[in-house]
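Have a look at the structure below, then the notes.
The values are calculated or read from the model by the stated rules, or taken from the named source; none is laboratory data. All values derive from a computational prediction rather than experimental measurement. Here the Cβ positions follow ideal geometry from the backbone for every residue, glycine too, while neighbour counts run over all protein chains shown. For the accessible areas, the whole protein counts, side chains as well, though only heavy atoms, and no ligand, DNA or RNA atoms are used. Shrake-Rupley method; radii C 1.70, N 1.55, O 1.52, S 1.80 Å.
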Amino acid sequence: MKRKEALILAAAGLLALTTALAGCSREAEPEDIAVQIDTAVLTYSELKEEAAVIAHIQVMDELGEENSFKVTDSETGTAGGFYGKRTAKVIEYFKDETGKNAPEISFIEPAALIDGQYLHFDGYDSLTKGEEYVVFLDDETASGDMSVMSGSNGVVRLDGENTQFPEIAKKTMAEFIDKEKPAGQDYFNGEVIEASDDSVLVRCLDVTSGEVLEGDEVEVSLDVVAARGAPKLAAGDEIRVVCTGVHRHGQEIVRLDTVFAIYMLDKDGEPISN
């Protein structure tokens, strides 16, 4: 059984119970049932690598009884889960391994409206008609339908808060949605003073395009937006850092909002493509 089917079927028993309860009492508003499911939390790099489709979409339909479905366990014949099948207009593809480049796309999400109850994976909010999102989709379903990856982990909401996976949202926005705003990016050349597994302390040299000034010492994260990642660095290396969001406290730089890329410098102080 593929991973996505296993996650959906992991709700076995709960759907049957809530369906029986729904027969006893119906309310105007559907009862909210959050299903506790252990889903794999993927990093931004893993989402990009494993997704079959990454797209900026606008949802065209509402979640309702007509596009919500129960899942039957093929081995036992019992109801074992649920999903909603959604349709969206594609504003832009960032990755499309299907090669179809279709103007509209259908995919399943871990939410459904069944027998007057709103069923969804805990932490996942069903997509809203008319709203825009970036979705990471895979086809790891028995039917081959595209599916949102790992619940909320695979959805970035462009018109709302992304409180569960803010780092995924920040990197998605920086690489895909705000990619046509280079004026918002700064860079500086610097020398690595100290290096650790996840960051380097850098002293700014004499080349800078923004608020990082010569002599400033900056802690720079190695978790960069660029798909190629950061080069392996050691004390004494000279690098260029492309970033946004310089925050100061007095004369000290507290943090950088986003590090887009890190390049090694050649003997002339020019960046080397990694």
Could you look through region 28-44, keep only residues that are surrounded by fewer than 13 Cβ atoms within 10 Å (Cβ to Cβ) and out of contact with any strand residue (DSSP E or B) (no Cβ under 7 Å at 6 or more places or on another chain), and pick out the one that is nearest to Ile105 (Cα to Cα)? Ala40
Being in contact with a strand residue (DSSP E or B) (Cβ under 9 Å, 6 or more places away or on another chain), modelled with pLDDT under 90 and more than 25 Å from Gly64 (Cβ to Cβ) narrows Glu167, Glu194, Glu140 down to just Glu140
Taking region 254-271, which residues are at pLDDT 80 or above, within 29 Å of the chain's Cα centre (by Cα) and either basic (Lys, Arg) or exposed (fewer than 12 other Cβ atoms within 10 Å of the Cβ) (or both)? Asp257
Among the residues of region 256-271, is any free of Cβ contacts under 8 Å to residues at least 40 places away in the same chain, assigned to a loop (DSSP other than H, G, I, E, B), under 23 Å from Pro166 (Cβ atoms) and in contact with a strand residue (DSSP E or B) (Cβ under 9 Å, 6 or more places away or on another chain)? no
Scanning region 75-90 for residues that are part of a strand (DSSP E or B) and modelled with pLDDT under 90, the one surrounded by the most Cβ atoms within 10 Å (Cβ to Cβ) turns out to be Gly81
When you scan region 54-72, how many residues do you find that are among the small types (Gly, Ala, Ser) and over 13 Å from Phe107 (Cα atoms)? 1
Out of region 178-191, which residues are at pLDDT 85 or above and either of a type in the set (S, T, N, Q) or loosely packed, with under 13 Cβ neighbours inside 10 Å (or both)? Asn189
Restricting attention to region 232-253, and to residues there that are at positive phi and at pLDDT below 85, which single residue is least open to solvent (accessible area, probe 1.4 Å)? Gly245
Going through region 5-56 in order, the residues found to be small (Gly, Ala, Ser), modelled with pLDDT of 50 or more and within 24 Å of the chain's Cα centre (by Cα) are Ala34, Ala40, Ser45, Ala51, Ala52, Ala55
Could you list, in sequence order, the residues of region 52-74 that are open to solvent by 50 Å² or more (accessible area, probe 1.4 Å) and not in a strand (DSSP E or B)? Met60, Glu62, Glu65, Glu66, Ser74
Have a look at Val202, Val225 and point out the one that is among the aliphatic types (A, V, I, L, M) and part of a strand (DSSP E or B). Val202
Over region 128-160, the set of residues assigned to a loop (DSSP other than H, G, I, E, B), out of contact with any Ser or Thr (no Cβ under 8 Å at 6 or more places or on another chain) and buried (at least 24 other Cβ atoms within 10 Å of the Cβ) is Met149
When residues of region 203-220 are limited to those that are touching a Ser or Thr at 6+ places or on another chain (Cβ under 9 Å) and in contact (Cβ under 8 Å) with a residue 12 or more places away in the chain, the one most open to solvent (accessible area, probe 1.4 Å): Glu219
Pairs under 9 Å by beta carbon, first residue farther than 18 Å from Arg86 by Cα in region 112-126, partner among the small types (Gly, Ala, Ser) and open to solvent by 40 Å² or more (accessible area, probe 1.4 Å), six or more apart or different chains? Asp115/Gly23; Gly116/Ser25; Asp122/Ala34; Gly123/Ala34
Could you check region 114-171 and list, in sequence order, the residues that are under 27 Å from Ala226 (Cα atoms) and among the small types (Gly, Ala, Ser)? Ser147, Ser150, Gly151, Ser152, Gly154, Gly160, Ala169
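Can you tell which of Asp223, Asp198 is in contact with a Leu (Cβ under 6 Å, 6 or more places away or on another chain) and open to solvent by 80 Å² or more (accessible area, probe 1.4 Å)?
The unique qualifying residue is Asp198.
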Look at Glu175 and say whether it is of a type in the set (Asp, Glu), assigned to a helix (DSSP H, G or I) and open to solvent by 10 Å² or more (accessible area, probe 1.4 Å). yes
